[in-house]
Amino acid sequence: MDSYSSWLNSFLVRFRLSANLFLSQFEPLALLLAPLLTLFIARLLHSLLSVIHEKGLKATVLALFMSSINLVPGVQSYIDAEKQKVVDKLQSGSKSKREHWRTELPTTGLGVGVIEEMKDVKSNDADWKGKCSGTVYIGGSESEGHFSLINEASSMFAHTNPLHLDVFQSVARFEAEVVAMTADLLGSKEKASGGQVCGNMTSGGTESILLAVKTSRDYMKAKKGITRPEMIIAESAHSAYDKAAQYFNIKLRRVPVNKEFKADVKAIRKQINRKTILIVGSAPGYPHGIIDPIEELGKLADSYGICLHVDLCLGGFVLPFARKLGYPIPPFDFTVRGVTSISADVHKYGLAPKGTSVVLYRNHDIRKHQFVAVTEWSGGLYVSPTIAGSRPGGVIAGAWAAMMSLGQQGYLENTRKIMEVSKMIQKGIKEIPELFIIGNPDMTIVAFGSAVLDIFEVNDIMSGKGWHLNALQRPNSIHICVTLQHVPVVDAFLQDLREAVQTVKENPGPISGGLAPIYGAAGKMPDRGMVQDLLVNYMDGTC
């Protein structure tokens, strides 16, 4: 043992002398800076590898290239000028209208005369009756039927605010019943749900999604101690998740859809790590109207002990009834093990006034993380369930009135009509050889593109005929979201679509004033940061 210690001491002395002799060749300052420089390079490489892992090699190289190009004198100003030309084109027509908008209060109030002015302003709105994709889901005109009913119900409670529960007990009851009735449609009374489904009303699908993401973040922090959260979505998932990621400082991982344009479960599984708090499924997805494999996503979420949010903003008031009508609807609600939250818009196919949605949770342990409670405010004790504090009780009352007036039979009949129209549109598009349908639509959204025509030019022609459709990308396509407004005009839509395709076929090239060149350029533009700048600059000039 003594000989081993003696040998070790001798080795350490020799090593120390050799190291000092070697290091004596260098300046002390160089010896001091070398570790710092090494650390800096290591951090730089780590950051670069992280960016490559997140965005991919191609996108990272492109971003570095564009950053380098922008450093060349004059290049940045040229790019800014070209971007402004695009923004001006997008805003053409809206700027001239804004020139006559009021910028200050009238000296003397208009009194009841303001109603006539409002009617005059409203007369300049687009003719949306039967012409818009989605947008207005109630059938008929604004002056009759269901429109009149919810307008009257909303106006009765226009002065109310559910923030004051002790004052407006009626609205508190309406909200609780809207939530409970929606939860019932989505499996809350089935044994598999656990019997604790709960939730709140919100201002729309985006707020419902925001709250579900925020709640999942805080729930997983309490459950697993995750402090640098990440969530995983398919590229078909709604852009509200991008907004949530920015608002709540969550890293967003986006994965491609599979060949059927559904969320790719295998691709999502590969992205899950110890920081993952949430994965997402849509039923259906907004772009193509296709239901993601919710059962498979539920098994995945359950096996990893993470949250699964199902976006039923479009499908919440259609899929339960479509299933009863015999359509092959796969599982999508709280009967699926692993689903922790659901968003469903009442102001879409629920036919409620705009500004009404519901966010639901599997149990109260999860939902508690949605609330904000403040104990140290001089204004008193404060607790709020949603993003907004004060909320309009009128639209809550309108949603209750819509659901109560229609009942299950009303929703069944509405679903029958819109599903039949959706099938008619699919059949009509398949009969146009220049077009193809994206995937296999499950509900009332039909997306279509073309391998031989510029589909955005077709969209411009349809716009000229008064139709307001939605332009999509990856792949370039457009879609129509079928509502009750389309039931009486489906034949006119298909006829106009056939004519639009024929016009583009005979006269290829963008029409004057159309947006096809801009959509086409944006789709091909590899620098997505530049496209983002265009969108932000456009929005900055319109609000």
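The values are calculated or read from the model by the stated rules, or taken from the named source; none is laboratory data. Small disclaimer: the values here were computed from a predicted structure and weren't measured. For neighbour counting, all protein chains shown are included, and Cβ atoms are generated from backbone atoms with ideal geometry for every residue, glycine included. Heavy atoms of the whole protein, side chains included, go into the accessibility calculation; ligands, DNA and RNA do not. Shrake-Rupley method; radii C 1.70, N 1.55, O 1.52, S 1.80 Å.
Points worth noting:
- Only residues that are assigned to a helix (DSSP H, G or I) and surrounded by 19 or more Cβ atoms within 10 Å (Cβ to Cβ) were counted across region 378-405, and they come to 11.
- Residues of region 444-474 that are touching a helix residue (DSSP H, G or I) at 6+ places or on another chain (Cβ under 9 Å) and part of a loop (DSSP other than H, G, I, E, B): Thr444, Ser450, Val452, Leu453, Asp454, Lys465, Gly466, Trp467, Leu469, Gln473, Arg474.
- If you check Pro433, Pro441 for being surrounded by fewer than 17 Cβ atoms within 10 Å (Cβ to Cβ), assigned by the TED database to the domain that holds Val482 and assigned to a loop (DSSP other than H, G, I, E, B), only one passes: Pro433.
- Filtered residues of region 254-282 (kept if of a type in the set (A, V, I, L, M, F, W, C) and in contact (Cβ under 8 Å) with a residue 60 or more places away in the chain): Phe261, Ile277, Leu278
- Residue check for Lys368: modelled with pLDDT of 95 or more, closer than 20 Å to Ala212 by Cα and among the basic types (Lys, Arg): yes
- Matching option when the condition is under 15 Å from the mean Cα position of the chain (by Cα) and closer than 23 Å to Ile138 by Cα, among Pro320, Pro287: Pro287
- Residues of region 454-470 that turn out to be over 17 Å from Ser133 (Cβ atoms) and open to solvent by less than 30 Å² (accessible area, probe 1.4 Å), as a count: 1
- Only one entry in Gln473, Gln502 is at pLDDT 95 or above, of a type outside the set (Gly, Ala, Ser) and either in contact with a Gly (Cβ under 8 Å, 6 or more places away or on another chain) or open to solvent by 10 Å² or more (accessible area, probe 1.4 Å) (or both), namely Gln502.
This table checks each residue for (1) open to solvent by 10 Å² or more (accessible area, probe 1.4 Å); (2) assigned to a loop (DSSP other than H, G, I, E, B); (3) within 23 Å of Glu235 (Cβ to Cβ); (4) in contact with a helix residue (DSSP H, G or I) (Cβ under 7 Å, 6 or more places away or on another chain).
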| position | (1), (2), (3), (4) |
| --- | --- |
| His288 | yes, yes, yes, no |
| Asp292 | no, yes, yes, no |
| Glu295 | yes, no, yes, no |
| Leu300 | no, no, yes, yes |
| Gly326 | yes, yes, no, no |
| Phe332 | no, yes, yes, yes |
| Thr335 | yes, yes, no, yes |
| Val339 | no, yes, yes, yes |
| His347 | yes, yes, no, no |
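- Members of region 229-253 that are without any contact (Cβ under 8 Å) to a residue 24 or more places away in the chain and either part of a strand (DSSP E or B) or over 9 Å from the mean Cα position of the chain (by Cα) (or both): Gln246, Asn249, Leu252
- Test: residue in region 129-143 that is in a helix (DSSP H, G or I) and under 23 Å from His468 (Cβ atoms): no
- Cβ-Cβ under 8 Å pairs, at least 6 apart or on other chains, region 379-396 side modelled with pLDDT of 95 or more, far side surrounded by 10 or more Cβ atoms within 10 Å (Cβ to Cβ) and among the basic types (Lys, Arg): Val395/Lys354
- Across region 176-210, the qualifying residues are those that are more than 24 Å from the chain's Cα centre (by Cα) and part of a helix (DSSP H, G or I), and the one among them that is surrounded by the fewest Cβ atoms within 10 Å (Cβ to Cβ) is Lys191.
- Residue tally, condition buried (at least 24 other Cβ atoms within 10 Å of the Cβ), assigned to a loop (DSSP other than H, G, I, E, B) and touching a His at 6+ places or on another chain (Cβ under 9 Å), over region 349-374: 2
- Test: residue in region 212-225 that is open to solvent by 10 Å² or more (accessible area, probe 1.4 Å), touching a strand residue (DSSP E or B) at 6+ places or on another chain (Cβ under 9 Å), assigned to a loop (DSSP other than H, G, I, E, B) and in the same structural domain as Pro385 (by the TED database): no
- Qualifying residue in region 328-339 (condition: among the aliphatic types (A, V, I, L, M) and either in contact with a strand residue (DSSP E or B) (Cβ under 7 Å, 6 or more places away or on another chain) or closer than 17 Å to Glu207 by Cα (or both)): yes
- Among residues of region 406-416, those that are open to solvent by 70 Å² or more (accessible area, probe 1.4 Å) and either touching a residue at least 12 places away in the same chain (Cβ under 8 Å) or closer than 18 Å to Ser133 by Cβ (or both), counted: 2
- Selection count where residues are open to solvent by less than 50 Å² (accessible area, probe 1.4 Å) and more than 15 Å from His309 (Cα to Cα), scope region 262-271: 2
- Every test in (1) surrounded by 15 or more Cβ atoms within 10 Å (Cβ to Cβ); (2) within 23 Å of Ala388 (Cα to Cα) is passed by Ala158 save one, and that test is (1).
- Test: residue in region 297-313 that is over 26 Å from Met403 (Cβ atoms) and aromatic (Phe, Trp, Tyr): yes
- Filter result for Val346 (more than 14 Å from Gly187 (Cβ to Cβ), within 19 Å of the chain's Cα centre (by Cα) and hydrophobic (A, V, I, L, M, F, W, C)): yes
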